[in-house]
Amino acid sequence: MLRSGSEGAWVTGLVLADENPIYEDANANGLDDRFEVSRRGFLLPASASKAERQTLAQQWREAQRAKPPPAFFVQRPAADR
């Protein structure tokens with residue numbers, strides 16, 4: 001949870017989990033499995049070289065920058081009248 005403060009934003013709540021709550025990550029490399037399969041045709045094995053992991057991570061970062069973030073569907077507060 002984020003809250004505004006006099007010096008900027010404050011993190012006041014944090015949830016920690018072993019599994020990735022944002023996207024599927026069966027091989028636990030921090031990259032979306034759907035991206036790996038669409039880019040390479042298969043998941044990167046755990047025994048992959050560091051250079052191979054870095055290359056795929058760079059491709060994933062570039063793809064994330066080009067894609068707009070998902071919309072947050074929230075009910076906006078009504079005016080006090």
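The values are calculated or read from the model by the stated rules, or taken from the named source; none is laboratory data. Only a predicted model underlies this, so the values are computations on that prediction, with no experimental measurement involved. Areas reflect the complete protein model, heavy atoms only, side chains present, ligands, DNA and RNA absent. Shrake-Rupley method; radii C 1.70, N 1.55, O 1.52, S 1.80 Å.
Data for the structure
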| item | result |
| --- | --- |
| Residue-normalised accessible area of the stretch 1-57, expressed per residue, 1.4 Å probe, Å² | 81 |
| Percentage relative contact order, the stretch 3-76, counting C-alpha pairs under 8 Å, at least six apart | 15 |
| Which of PHE73, PHE35, PHE42 is most accessible, then next, and so on - probe 1.4 Å | PHE73, PHE42, PHE35 |
| Where GLU7, GLU52 fall by accessible area, highest first, once all protein chains stay in place (1.4 Å) | GLU7, GLU52 |
| Candidate residues SER49, SER6: accessible-area rank, largest first, probe 1.4 Å | SER6, SER49 |
| Heavy-atom accessible surface of the chain: percent carbon and sulfur, 1.4 Å | 56 |
| Which labelled figure in [x] 33, 31, 17; [y] 85, 44, 29; [z] 59, 23, 22 is Cα extents along the principal axes in Å, once derived from the coordinates | [z] |
